[in-house]
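Following: one structure in structure tokens, then a few remarks.
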Amino acid sequence: MEKTITISDKEVKIRTSAALPRLYRIKFGRDIFKDLLGLKNEIQSGEETLPTEALEIFENIAYIMAAHADPSVSGNVSEWLEQFETFDIYKVLPEILTLWGAETEQTSSAKKENEQ
């Protein structure tokens, strides 16, 4: 799935697909499922500021989704981030989580439910 979001007054195309977890693992050596869950939990914790690790995870996820949508995106996360002014993670993250949720939403019922 693809979506265009606004980051710091710039339109950025992001994309999710079955390939995204693999791309993320190859680029960052981490599990995107665990990282997204941890990031979501950090946001919901109510703390005023996010830990540095959570911010880095957010940047990495936003980057890999943008690079997946647009092959011309720089191969370096820092270079990609340089194009933006400071922006509010709390405005961008819900867009990313919504797109990710739509991609991973289970569309069929479990086998046990079908047998009943």
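The values are calculated or read from the model by the stated rules, or taken from the named source; none is laboratory data. Since the model is a prediction, treat every value here as computed from it, not as a measurement. When we count neighbours, we look across all protein chains shown, and the Cβ atoms used for this are built from the backbone with ideal geometry, even at glycine.
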Residue list for region 60-116, restricted to those being modelled with pLDDT of 80 or more, over 18 Å from E2 (Cα atoms), in a loop (DSSP other than H, G, I, E, B) and of a type in the set (D, E, K, R): E82, E85
T49, sole failed condition from (1) part of a helix (DSSP H, G or I); (2) exposed (fewer than 14 other Cβ atoms within 10 Å of the Cβ): (1)
Qualifying positions in region 1-24 - outside any loop (DSSP other than H, G, I, E, B), at pLDDT 90 or above and surrounded by fewer than 13 Cβ atoms within 10 Å (Cβ to Cβ): T4, E11, R22
Members of region 67-102 found to be more than 15 Å from the chain's Cα centre (by Cα) and touching a residue at least 12 places away in the same chain (Cβ under 8 Å), listed by number: Q83, F84, E85, T86, F87
